[in-house]
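To start, the structure itself, in structure tokens.
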Amino acid sequence: MSTRNRPLTVIVIAGLLPIAAASGAGETWSTVVNNGDVMPNSTKLFNSYNQPSIDSSGFVVFRARSKGPGEPVRGIYARDMQFVGAPLAAVAAVGDEAPQPNNTPAGGSGSGGGLAELLEFPSFPRIDVASRMIATRAQTQPTWTFLLEDGSESRAGTASVYATVEGQFRTGACLLGYVRDAGNGALVFPWWRVPGAPEDTRFDQFPGAASPSDNEFVVFKGNWTDAIAATGRTGVYFRSMRAMGGMAPVQRIADSQMAIPGQTGPMLVPFGSTAPPSAAFGRMVFLGLDNEDAPTMGGIYLADVPHPVSETS
């Protein structure tokens, strides 16, 4: 069954649960990291942080950076807080080689002579509640060099969603879904195209923080350009990192071509904006509105994250 035909459910929050007040007596605090700690693979000290994420075992992941002099160290870091004295570890850092697909030599004075590198992590990382799967978004140097039909060279791939699979940092979603083989015209990476759009439509960007789920999926917001309507589109999507030999397609949950649920009549209002989703235990939630600046319709919606199925445009 295609995910685009699956009904969505509105979550109505009826009230707030009472929260017991802490007395302060006997509380135990543990420092995950502070400005006295040396950053992994560096001699510099941690200096600033963004909000952390934690799984059910106490494994913590966070984005952080150092101070100067020179270019600060920046990256995604983790620490296993269930063990006293467990070391801080780097998940990925600026200057690391970007995961495959990557066939483009690194550029810039800071490159080590390898392939295209990670440049920045614009959003905080998230971790799967029941495993140590981490998802994060990153900007990169162009990762893929290819030939166009006229024989000229082009480069693409400057933004991606990444996730850890069995501890390995891998690409979950990227901008290469439109790349075609100059010889036979076939899509090189069809699993990364925008579902529900013309075949050669690629994502433009992945705003906000991606979410991992079930030690397999990445769930994310994606923006793309509708060439036929000459307008920008947005939606929420997911992809299995394990199925089909790592080539499972991106699947659509909802996008701005879909009508907001609960309407009747001939003129149905579509989603005008979506917010980055959150996922756990095979389900995901997202905020969808008709107009982000002045909403009059929409809500928070819940959908399943099933195993990959074929979806035709």
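Between residue 182 and residue 83, what length in nm is gained on full extension when 0.36 nm per residue of separation is reduced by their alpha carbon distance?
30.4 nm
I need the shape label for the stretch 229-303. Rule: rounded when a/c is under 1.5, else prolate if a/b > b/c, else oblate, with a, b, c from the alpha carbon gyration tensor.
Prolate.
Mind giving me the FRET efficiency for residue 149 and residue 120? R0 is 25 Å, r the Cβ-Cβ distance, nearest 0.05 is fine.
With a Förster radius of 25 Å, E is 0.15.
Give me the extension gain from residue 229 to residue 67: residue separation times 0.36 nm, minus the current Cα-Cα distance, reported in nm with one decimal.
Difference between extended and current length: 53.7 nm.
Is the shape of the stretch 161-313 rounded, prolate or oblate, going by the alpha carbon gyration tensor and its root eigenvalues a ≥ b ≥ c, with a/c under 1.5 for rounded and a/b larger than b/c for prolate?
oblate
Would you please classify the overall shape of the chain from the alpha carbon gyration tensor, given that a ≥ b ≥ c denote the square roots of the eigenvalues, rounded means a/c under 1.5, and beyond that prolate means a/b larger than b/c while oblate covers the rest?
oblate
Once label points are set 7 Å from the Cα along Cα→Cβ at both residue 290 and residue 47, what is their separation, rounded to one decimal in nm?
4.8 nm
Give the peptides 134-143, 173-182, 223-232 in descending order of average Cβ contacts within 10 Å, highest first.
In descending order of packing, they fall as 134-143, 173-182, 223-232.
What is the set of long-range amide H partners of residue 180 at a cut-off below 5 Å, with H atoms built 1.01 Å from backbone N?
188
So how far apart, in nm, are the two label points at residue 130 and residue 205 if each is 7 Å from Cα heading toward Cβ?
If labels sit at residue 130 and residue 205, their model points lie 3.5 nm apart.
A short reminder: the numbers here are calculations on the coordinates, not readings from a lab. Predicted model, so just to flag it, every value in this text is computed and none were measured. Please note: Cβ atoms are built from the backbone with ideal geometry, for glycine as well, and neighbour counts cover all protein chains shown.
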